[in-house]
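The values are calculated or read from the model by the stated rules, or taken from the named source; none is laboratory data. Quantities reported herein were computed from a predicted structural model and do not represent experimental measurements. With ideal geometry, Cβ positions are generated from the backbone for all residues, glycine too; neighbour counts draw on all protein chains shown.
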Amino acid sequence: MDQDEKKRRAAAAALEHLGRGGIVGVGTGSTVNFFIDALAGLGRRIEGAVSSSEASTRRLAAHGIRVLDLNEAGELDVYVDGADEATRALHLVKGGGGALTREKIVAAASRRFVCIVDEQKIVERLGRFPLPVEVIPMARSYVARELAARGGDPVWREGCITDNGNHILDVRGLSIADPVAFESELNQLAGVVTVGLFARRPADVLLVGTGAGVVTLERAAGS
Ligand code: 5RP
């Protein structure tokens, strides 16, 4: 079975985690695109969506799904998004699609974060996928030096301007032993807008599309 079919399975399984009539937080990426397409099939069961990127907004709108501003929507019941890497502790690396800042905001504003991935995304330790870090453009070189001092090899994603007008550094060569501590440390660097580590606010549910079906991993209460 190809990777897209596994993504589609995980995305379809996320529908079971939606309440009735609420506003859904929607992430970004190819797995989420399957989710948006599946959402469209639900008709009026949802009231609308809060989107994490211009790309997802366009796709939602093309399906006739109402897109709300987060400031109007208030706290969301559920946020559904993909990931570039995930551990069994439900810590994630995200931002391969460059939408990490809005994704982190919508995840933070949601009671439950349902992450949808194919099985190729599961790792023992985060860092195999280059860690995206969104930076204020004038801080790019400074932040790159700070990341190199911490053992990373940052590469500027040239030509990429985020939806917020910023730059992205993709940090290779990391092996992240303590994702919560590393996320907190990088958050403190001047000029860093968002680190693509989702460990301080991990997923609550991880739906993993596999050749044999969808495996559900849930975060233990309080962890
Ligand atoms: C975008 C993201 C995506 O969730 C991540 O890149 C996974 O994408 P895909 O579903 O296409 O594999 O974080 O910023």
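Worth pointing out:
- Filtered residues of segment 72-101 (kept if more than 9 Å from the ligand (Cβ to nearest atom), closer than 18 Å to residue 49 by Cβ and either in a strand (DSSP E or B) or aromatic (Phe, Trp, Tyr) (or both)): 76, 77, 78, 79, 80
- Matching residues in segment 21-49 - criterion: being outside any helix (DSSP H, G or I) and either within 15 Å of the chain's Cα centre (by Cα) or within 14 Å of the ligand (Cβ to nearest atom) (or both): 24, 25, 26, 27, 28, 29
- The conditions of being closer than 26 Å to residue 223 by Cβ and either of a type in the set (A, V, I, L, M, F, W, C) or at pLDDT below 95 (or both) are not met by residue 62.
- Considering (1) under 24 Å from residue 40 (Cα atoms); (2) within 13 Å of the ligand (Cβ to nearest atom); (3) part of a helix (DSSP H, G or I), the lone condition that residue 61 does not fulfil carries the number (2).
- Answer from 158, 85, 75 - the residue that is closer than 30 Å to residue 215 by Cβ and surrounded by fewer than 18 Cβ atoms within 10 Å (Cβ to Cβ): 75
- Meets criteria (surrounded by 14 or more Cβ atoms within 10 Å (Cβ to Cβ) and either acidic (Asp, Glu) or under 21 Å from residue 110 (Cα atoms) (or both)) for residue 53: yes
- Within segment 179-222, being surrounded by fewer than 16 Cβ atoms within 10 Å (Cβ to Cβ), modelled with pLDDT of 95 or more, of a type in the set (Gly, Ala, Ser) and not in a strand (DSSP E or B) holds for 181, 184, 190, 211, 212.
- Pairs, first farther than 19 Å from residue 95 by Cα in segment 56-67, second modelled with pLDDT under 95 and hydroxyl-bearing (Ser, Thr, Tyr), C-beta under 7 Å, six or more apart: none
- Checked against (1) surrounded by fewer than 21 Cβ atoms within 10 Å (Cβ to Cβ); (2) within 13 Å of the ligand (Cβ to nearest atom); (3) within 18 Å of residue 215 (Cβ to Cβ), residue 117 passes all but a single condition, namely (1).
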